[in-house]
Each structure stands twice: as C-alpha cells, then as structure tokens.
Amino acid sequence: MHPEQAGRRLRRPSALRTVRVGDFKISYVPDGAMLLKPAGRLPTAPASRWDAYADHLNDTARLVANTGGLLVELGPEALLIDAGFGSRLVPDDPSDPALGAVHGGGLPAGLARLGRRPETIGAVAFTHLHADHIGWACADPPLFPAAAFVVPKSEWAAHRLPPEAVRLLTPRLALVAPGEEVFPGVEAFALPGHTSGHTGYTITSRGTRLLAFGDALTTPLQIRHPEWSASDDADPHQSTRHRLRLIAELRRPDTIGFGIHFADVVFGRVQDDAWVPV
C-alpha cells in the first residue's frame with residue numbers, strides 16, 4: 001500500500017470490510033467511531049514520540065478508533081463477535097484525559113448491507129464487557145432475538161455492569177472457557193490484562209486462521225511498542241505479557257489479525273514490527 005494511502009486510512013474510521021478465511025466469510029460491521037486522546041490513552045508513551053507518529057493522528061490530534069462487530073458467516077449460520085456501542089452519542093468531555101467523543105448506531109444498517117438479518121445470528125460472543133463492545137446486545141427490544149450471549153467465564157465473574165445490562169444479558173448467557181469452541185471453527189483464546197477475563201477468538205479453516213483480539217491491541221503502534229499499555233488496562237503488566245504472546249501469534253504466516261479499534265486498517269498481518277493491512 002502506498003504510504004499516503006496508508007496514512008489516510010489510519011486517520012479515518014473503518015468502512016465495512018470483508019475477508020475470506022477458508023470456508024468463512026468474515027466482515028467488519030461498523031457501528032460508529034471514537035476519538036482517543038493519545039497522551040492519555042497511552043500514558044507510558046513518551047510525548048516526544050508523537051511527532052514521529054503524526055500519521056496515526058487525525059487533524060484534531062486524536063487517534064481514530066472504531067466500534068462495531070465482526071460478523072462470521074459459515075453458509076446460513078452466523079456468529080457476531082462484539083456488538084458495538086449502540087444508538088447513542090457521548091460528546092467529548094474535556095476533563096477526560098483519554099477518551100473523546102464516541103458515537104454508535106450504524107451496526108443494523110451494516111448487517112442489512114451484507115444481507116444478514118439480525119434474527120438469523122445464532123450467537124454474539126464478547127471479547128469483554130466494556131460499553132463499546134456490548135451496546136446492541138443491550139437493546140430493548142432486542143436486536144438479536146435468537147442469539148446466545150457468549151461471555152468468558154472469568155469476565156462475567158468480575159463484571160461491573162449496570163443492573164439493566166445484567167437483566168438483558170443474563171437470560172441468554174452462555175459462559176465459555178479458553179480453548180472452548182463457540183461456533184464451528186471458532187475458539188476462545190485467553191488474552192487477560194485489559195480486563196481480567198478479556199478473550200480473543202481464533203477462526204480457523206483450510207489451514208488459515210483469523211485472530212480477533214479485541215482490546216489486547218487498540219492501535220497498530222502497540223505492535224512496535226508492546227510496552228505501551230492503554231490507560232484502561234486493568235493490569236498493565238499482564239496486558240503487556242499477553243500482548244507479546246499475541247504479537248508472536250500474529251507473526252505466523254497462516255494468520256490474519258482483526259483489530260476492532262484499528263481505524264480503517266482493521267484486517268492485517270504482522271510483518272517484523274509493523275501492521276500490514278489486507
């Protein structure tokens with residue numbers, strides 16, 4: 001990819017994008033976007049480094065991140081990994097050192113563009129239970145009336161969800177442990193640190209796999225600097241340790257990564273210390 005084109009994509013939210021992994025059709029379905037304040041979001045990154053990484057910042061000096069879901073289709077069957085922010089807008093709070101404005105609302109329209117009706121999605125699996133990952137699962141009336149809600153056991157055990165979210169999620173809750181299959185060819189992959197039960201998912205078919213890693217990496221810069229933990233990582237030391245393990249997995253030649261917050265470069269491979277979009 002030409003450097004100028006790559007730079008533009010780093011500074012804008014992702015469009016709807018689709019890749020094939022063996023028998024799977026896998027699509028990023030945008031819900032909305034969030035703006036992250038780099039010094040607050042990555043507090044251990046030296047301030048002097050941002051001049052060198054200006055191509056990752058938009059014209060308001062923010063990191064651009066997405067919120068949405070990953071639609072995994074195998075013939076008529078479908079799994080959604082994470083469920084966006086929901087139909088709401090949170091304006092920038094100048095007193096918040098890390099998070100700027102956040103908006104959602106686009107996920108239902110994205111599913112419609114893909115020809116996937118929400119009622120045909122059999123399960124929604126969560127990497128973790130932060131608000132920008134569970135939004136549409138907490139819609140009332142429900143957007144996904146036939147879906148089980150797959151949550152890592154250790155994530156559910158330590159959640160701090162508001163009572164209304166607990167009420168909506170609990171009746172369809174399906175708890176999962178690392179290594180368990182949540183959909184044919186899709187297994188849970190423990191990546192704790194961002195939260196105590198943070199979990200990725202590996203999608204494997206015909207000798208190729210895609211690794212959806214949630215917030216274990218929130219910007220491609222963390223591939224070059226895995227020691228840069230995010231401000232909302234519950235355990236920065238643990239997140240760094242598992243980030244290094246994750247990056248080693250992403251370097252395998254048979255592996256594509258999916259970074260939900262990676263601006264408009266959500267699908268890619270790790271080559272040396274760089275994220276190369278696919």
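Computing the accessible area with a 1.4 Å probe over protein heavy atoms, can you report the carbon and sulfur percentage for the chain?
Working: 6380 of 11600 Å².
Roughly 55 percent, rounded to a whole number.
Which whole-number percent gives the relative contact order of the chain, counting Cα pairs below 8 Å spaced six or more residues apart?
Working: 654 pairs, mean separation 50.6, N = 278.
Value for the chain: 18 percent.
Per residue, how much accessible area does the range 115-233 have with a 1.4 Å probe, in Å²?
In whole numbers, the range 115-233 has 38 Å² accessible per residue.
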*Where the centroid of each part is defined by its Cα atoms, how far is the range 107-165 from the range 203-234 in Å?*
21
*Directionally averaged shadow of the range 111-197, computed from the convex hull of its alpha-carbon atoms, nm²*: 6.0
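In the range 47-112, how does Rg compare with the Kirkwood Rh, expressed as the Rg/Rh ratio over alpha carbon atoms?
Values: Rg = 16.2 Å, Rh = 14.6 Å.
Rg/Rh: 1.11.
Using the heavy atoms of the protein chains and a 1.4 angstrom probe, tell me the accessible area per residue for the range 1-100 in square angstrom. Show your work: numbers first, answer last.
Values: 4570 Å² over 100 residues.
Computed with neighbouring chains in place, this is 46 Å² per residue.
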*Between Thr120 and Ala248, what is the FRET efficiency for a Förster distance of 41 Å, r being their Cβ-Cβ separation, to the nearest 0.05?*
0.70
_With the crude spin-label approximation of a point 7 Å out along Cα→Cβ, what separation in nm comes out for Arg160 versus Asp59?_
3.7
_Which residues does the label zone of Thr208 cover in the range 244-259, counting backbone N under 12 Å from a point 7 Å along Cα→Cβ?_
254-257
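Could you give me D for the chain, from Stokes-Einstein at 4 °C and 1.567 mPa s, where the hydrodynamic radius is the Kirkwood radius over C-alpha pairs? Units µm² s⁻¹, please. It would help to have the intermediate numbers written out before the result.
Working: Rh = 18.6 Å.
My calculation gives 70 µm²/s for D.
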*Compute the semi-axes of the equivalent ellipsoid of the range 170-232, taking the square root of 5 times each eigenvalue of the Cα gyration tensor, and list them largest first in whole Å.*
24, 18, 8
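The values are calculated or read from the model by the stated rules, or taken from the named source; none is laboratory data. Predicted model only: the values in this text are computed from it and were never measured. Note that each Cβ is placed from the backbone with ideal geometry, even for glycine, and that neighbours are counted across all protein chains shown. The accessibility values were calculated without ligands, DNA or RNA, using every heavy atom of the protein model including side chains. Shrake-Rupley method; radii C 1.70, N 1.55, O 1.52, S 1.80 Å.
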